[in-house]
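Trainee: Please read through the structure below; I'll follow up with questions.
No lab work stands behind these numbers, since they all come straight from the coordinates. Quick caveat: nothing in here was measured; it's all calculated off a predicted structure. Here the Cβ is made from the backbone with ideal geometry for all residues, glycine too, and neighbour counts use every protein chain on show.
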Amino acid sequence: MRRGLAIGNWKMNVDRSSAMVLVNAIVAKIPEINADLVICPPYLYIPEISEKIANTSIICGAQNVAAHSTGAYTGEISAAMLKEFDCKYAIVGHSERRQFYADTNLAVAERFCQAISGGIIPILSTSETLEERENGTAFDVIAEQINTVIDKAGIESFMNAVISYEPLWAIGTGKTATDQQAQDVHYFIRQLIASKSQKVADKIQILYGGSVKPENAQKLLAMPDIDGVLVGGASLNADSFLKIYSSFQK
Ligand code: PGA
């Protein structure tokens, strides 16, 4: 049985004081549940937040990680730097990175490799656009996103990785993929991994993201290949994020 995982991606939606209010509320109210809870604040607040959650079950993650270990890469943050502040996870290839910052499949694969070699668990984000869904190429697009990383990093590295599926048309739009639509893609991803390694396929957590809310989390998590959720908007409110997290115990 794979362990549940709820990740809150705060994106660029908090300032220092609201980030602290949010983390304090999560620390104060987190229920004891047999699943992991990760928060991904903006880089700048990671040191302070890591200190706040040091003696709790909450885990710190980052929203991205550099594709290199060190050097002249203005504006980038390396896996080793994240590690210094107790970050355990890093999202790589979020659709917003792919869409607005030209992160290609290859660049995402390089970020993934850096996370692995720096001891950080990469959360490889995969997604398709509405157009790709409608013209029937969604599965090909997702396969390409994953295969590029497998080619570069090797399938064994996925023993220490997480995959998320976040259809672009469902992010921040209020439109969630139906449980079955999400399950179909998650099943496809698991089969793709199984074609290289059954052991990795059995172990890897595959998360759904895209307008996850307290109202829809439980049904999504009931699907056999949905092991957790990656939450944007609803993670900015401690009560709604913790309600989503509580869906694991139902
Ligand atoms: P959302 O974001 O929950 O606000 O739709 C999800 C995501 O970006 O992964």
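Trainee: Amide H of Val231: which non-local residues (sequence gap of 5 or more, or other chain) have their own amide H closer than 5 Å, using H built in the peptide plane?
Mentor: Ile7, Gly8, Asn9
Trainee: Now a separate question. Quick one: check the C-alpha center-to-center distance for segment 191-250 versus segment 1-71, whole angstrom.
Mentor: Cα centroid of segment 191-250 versus Cα centroid of segment 1-71: 16 Å apart.
Trainee: A further question on this structure: Over the Cα atoms of segment 4-249, compute the convex hull volume and normalise it per residue, giving Å³.
Mentor: Hull volume normalised by residue count: 116 Å³.
Trainee: What is the calculated FRET efficiency for Asn34 to Thr56, with r their C-beta to C-beta distance and R₀ = 25 Å, to the nearest 0.05?
Mentor: Numbers: r = 16 Å, r/R0 = 0.62.
Rounded to the nearest 0.05, the efficiency is 0.95.
Trainee: Using a Förster distance of 25 Å, how high is the FRET efficiency between Ser195 and Thr74, based on the Cβ-Cβ distance and rounded to 0.05? Present the calculation step by step, with values, prior to reporting the outcome.
Mentor: On the way: r = 39 Å, r/R0 = 1.58.
For Ser195 and Thr74, the calculated efficiency is 0.05.
Trainee: Enumerate the residues in segment 91-134 having an amide nitrogen under 11 Å from the point lying 7 Å beyond the Cα of Thr173 toward its Cβ.
Mentor: 128-134
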